[in-house]
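None of the figures in this text is laboratory data; all of them are computed from the coordinates on show. Computed from a predicted structure; not experimentally measured. Cβ sites come from the backbone with ideal geometry, for glycine too, and all protein chains shown count toward neighbours.
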Amino acid sequence: MEDCGCEERQAKLNEYFPGKDVAMSAEDAKLYEELLPGIQNHRLNRQQSKAFFGIYNRTFHANAKPCSCPGKNQRLARHLARAYDLRCEL
């Protein structure tokens, strides 16, 4: 059986987010991909913002609330980008 590299990815996630159980589901990865242009352009409408925070909360087992704070939103977007890049695709 071929090594998929999941252990390495999980180790990297643990390094970036110590003490957090980070896992992005395949469904959330697909939704994230759909939202990515708006995330990158900092242009999410209310419904998209709600979906963005839903992905974040499920991925990080968090309870973040949507807000208009650019700094917070950019930080969460960076966290989601890392979780997306290091997700296990199996």
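Overview of results
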item: Segment residue 8-residue 29, extension gain: residue separation times 0.36 nm, minus the distance between their alpha carbons; result: 5.7 nm
item: Debye, to nearest 20: dipole size of the chain, +1 on Lys, Arg Cβ, -1 on Asp, Glu Cβ; result: 800
item: Length released on extending from residue 16 to residue 41, taking residue separation times 0.36 nm less the Cα-Cα span; result: 6.6 nm
item: Lysine pair number, Cα distance threshold 18 Å (strictly under), the chain, separation 8 or more or different chains; result: 4
item: Dipole-positive endmost among 61, 22, 73 within the chain (Cβ charges, Cα centre); result: 73
